Amino acid sequence: MGYLLQGLLVSALIVAVPNISRAANPQYRCEPNTVANDAVAIAFPDVDVGAYSDPDNDRCTFAVGGASIDGPVKSADVPPIAEIISQAQSGNSLPLSLRLLIARSAMSGDVDDLSKTVAEVLGENLPQLDLCISALEKFSDGPPDPITTSENEALVYMNIENDIVSVQCMIFPPGERDVIRSAVPTLLLYSRSKGKSDSLFVPNTALQ
């Protein structure tokens, strides 16, 4: 799991994102050790906040609500994460795959092939995905046993890799870790392909 965690944005960047609406004059920067080509989205009940990092070119880009470099989008264009999670559990994984890649698409817009590949992986491994989602929903009652536990205490329920992409789904218990600081259980859906990584963090409050 070490390679997975190294591909994520550092916690300082992740923690800064939810404070956008509360900060009068927010300032953001690419952390020195941030891996190039990382893209992270954090799902809230009514909006996504995405960050794309390219420190080699001194560039960090933030997107709110799925906005692209061409301008903002209407919130109706981005369905609530609870609805998308429910669709994935019913076998339609493409919306969840697109949500995973929403930060990257805000930069390049060219994620169609990758999103279809990730959706296929999720669909072919629906029992593992469903178990991961159930662990988030029922965490307070005691999550199901994971297939493994990462070095950062994440409960790993999916770890699939093929010739094109690797996809993981895990649950972080509440607390402060290298990857995330959260007061509630948080699902991480992660993919890596051709040296680029994408992460979608979903706190359990986003599903309520």
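Throughout, read-outs are computed from the coordinates displayed, never taken from laboratory work. As the structure is a computational prediction, the values presented were derived from the model and not from experiment. Cβ coordinates were reconstructed from backbone atoms using ideal geometry, including for glycine residues, and neighbour counts include every protein chain displayed.
Given H placed 1.01 Å from N in the peptide plane, which residues other than close sequence neighbours of Val64 have an amide H under 5 Å from its amide H?
Gly50
Using the Karplus equation 6.51 cos²θ - 1.76 cosθ + 1.60 (θ = phi - 60°), what ³J(HN,Hα) coupling, rounded to whole Hz, does each residue of the stretch 90-98 give in order, writing x for Gly and Pro?
For the stretch 90-98, the Karplus-derived couplings read 8, x, 9, 8, 4, x, 5, 4, 5 Hz, x marking Gly and Pro.
Explain nothing, just compute: Karplus ³J(HN,Hα) = 6.51 cos²θ - 1.76 cosθ + 1.60, θ = phi - 60°, for every residue of the stretch 193-208 in order, whole Hz, x for Gly and Pro.
Once θ is set to phi - 60°, the couplings for the stretch 193-208 become 8, 6, x, 10, 10, 9, 10, 10, 9, 10, x, 5, 5, 6, 9, 8 Hz.
Tally Lys/Arg at +1 and Asp/Glu at -1 over every other residue whose Cβ is under 10 Å from the Cβ of Tyr157; what's the total?
Around Tyr157, the charge tally is -2.
What are the ³J(HN,Hα) couplings of the stretch 178-184, residue after residue, when phi is run through the Karplus curve with 6.51, -1.76, 1.60 and θ = phi - 60°? Round to Hz, x for glycine and proline.
In residue order, the calculated couplings are 4, 8, 7, 10, 8, 8, 10 Hz.
Multiply the residue gap between Glu83 and Thr149 by 0.36 nm, knock off their C-alpha separation, and tell me the result in nm, one decimal place.
The Glu83-Thr149 span can extend by a further 21.0 nm.
Using only alpha carbon positions, build the gyration tensor of the stretch 140-197, then give the equivalent ellipsoid semi-axes as the square roots of 5 times its eigenvalues, largest first, whole angstrom.
22, 14, 8
Collect residues whose amide H, placed 1.01 Å from N in the peptide plane, falls under 5 Å from the amide H of Arg177; neighbours closer than 5 in sequence don't count.
For Arg177, whose amide H was placed from the backbone, the distant partners under 5 Å are Ser182.
Filter the trypsin sites (Lys or Arg not before Pro) in the stretch 125-208 down to the DSSP loop ones having no more than 15 other Cβ atoms within 10 Å, then list what survives.
Lys138, Lys194
I'd like the GluC sites (Glu not before Pro) in the stretch 139-193 restricted to DSSP loop residues with at most 14 other Cβ atoms within 10 Å, sorted by number. Present the calculation step by step, with values, prior to reporting the outcome.
Values: sites: Glu151, Glu153, Glu161, Glu176; in loops: Glu151, Glu153.
Here the GluC sites (Glu not before Pro) that fit, given the DSSP loop and packing criteria, are Glu151, Glu153.
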